[in-house]
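Here is the structure we will look at, set down as structure tokens.
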2 protein chains.
Amino acid sequence: MIRVNVIYPNNAGGAFDMDYYLSKHMPMVGAKLGAALKGMTVDHGVSGGQPGTEPAYRVLATLRFDSVDAFQQAFIPHAAEIQGDIPKYTNIAPTIQISEVKM
Amino acid sequence: MIRVNVIYPNNAGGAFDMDYYLSKHMPMVGAKLGAALKGMTVDHGVSGGQPGTEPAYRVLATLRFDSVDAFQQAFIPHAAEIQGDIPKYTNIAPTIQISEVKM
């Protein structure tokens, strides 16, 4: 089992339309990836570890798949459309990585 | 619902004992936090978005609670013991933040 982590840093001057992201972008991604996608999470940064401090990350999303192959087979045919939608909700370049699910 | 994100960057020279983390540290954390802890995840970075590249983050963990208050009430009495265990498995200082669960 793997997770694709999509992490938007909390840049000064960064803009992020959470309404569009939750109501349009992520449902579109879910529809494109289909049954290969086993689960999604979205976390919205509120603070650092101490309340009142700035969070390091604006948004942290995960997408879960059975394997790297399953992710790539589902994602690559729709990559241009999914990536082309990003400027509609943010000017922040996300950091993307693939992780093995340990827990 | 909130998640506490604990993110270990993939520093050059960083060491991380995943066996200790999964078999000793996280179970100890779970036992100390008790019923306030609603779920935990651990992701182990494998690559960037493209296979064969370096992941930005070595380990990404999340701990889920009903609220910031519930987290603090559960964590603060055990903070010294939990944080004191970190040098037993890593020399990487984690970035910690509190996020609202959106999905």
Review point. Which residue, chosen from A:PRO94, A:PHE71, A:ILE82, occupies the Cα position most advanced towards the positive end of the dipole of chain A, where the dipole is computed from +1 (Lys, Arg) and -1 (Asp, Glu) charges on Cβ about the Cα centre?
Key: A:PHE71
Exercise for review: Output, in nm with one decimal and in ascending order, the distances from the A:TYR20 label point to the matching label points of the other copies (7 Å from Cα along Cα-to-Cβ).
Suggested key: 4.6
Revision key, fill the gap. Shortest first and in nm, the label-point separations between B:ASN91 and its counterparts in the other identical copies (7 Å out along Cα→Cβ) come to 4.1
Review point. If you build a Gaussian network model of chain B, linking Cα atoms that sit under 10 Å apart, which residue out of B:VAL59, B:VAL46, B:VAL29 swings the most?
Key: B:VAL46
Exercise for review: Pop a pseudo-label 7 angstrom from the Cα along the beta-carbon direction at both A:ILE76 and A:GLU100 and give the gap in nm to one decimal.
Suggested key: 2.3
Point to revise | Residues in the range A:86-103 reached by a label modelled at A:MET1 [backbone nitrogen below 16 Å; 7 Å Cα→Cβ] | key: A:99-103
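Using a 1.4 Å probe on the protein heavy atoms, what percent of the accessible area of the protein assembly as shown belongs to carbon and sulfur?
Answer for the protein assembly as shown: carbon and sulfur cover 54 percent of the accessible area.
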Exercise for review: Would you kindly work out, in nm and rounded to one decimal, the distances from the label point of A:GLY39 to those of the same position in each other copy, ordered shortest first, with label points 7 Å along Cα-to-Cβ?
Suggested key: 0.5
Check your understanding: Near A:LYS88, which aspartates and glutamates are there with a Cα under 20 Å away, not counting those fewer than 8 places off in the same chain?
Key -> A:ASP17, A:ASP19, A:ASP43
Exercise for review: On a C-alpha basis, how far is the centre of the range B:23-39 from the centre of the range A:1-25 in Å? Whole number, if you could?
Suggested key: 28
Review point. Under a plain spin-label model, where a point goes 7 Å from the Cα along Cα-to-Cβ, how far apart in nm are B:SER67 and A:ALA35?
Key: 4.3
Check your understanding: What 222 nm value per residue comes from the helices of the protein assembly as shown, counting each DSSP H run with n ≥ 4 as -39,500 (n - 2.57) and dividing by all residues, nearest 500 deg cm²/dmol?
Key -> -6000 deg cm²/dmol
Check your understanding: Roughly how big is the protein assembly as shown's charge dipole about its Cα centre, with Cβ charges of +1 (Lys, Arg) and -1 (Asp, Glu), in debye to the nearest 20?
Key -> 200
Review point. Compactness ratio of the protein assembly as shown: Cα Rg over 2.2 N^0.38 Å, N = residue count?
Key: 1.02
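The values are calculated or read from the model by the stated rules, or taken from the named source; none is laboratory data. Just so it is clear, the structure is predicted and the values come from calculations on it, not from any experiment. No Cβ is skipped: glycine too gets one built from the backbone with ideal geometry, and neighbour counts run over all protein chains shown. SASA here: full protein model, heavy atoms, side chains in, ligands and nucleic acids out. Shrake-Rupley method; radii C 1.70, N 1.55, O 1.52, S 1.80 Å.
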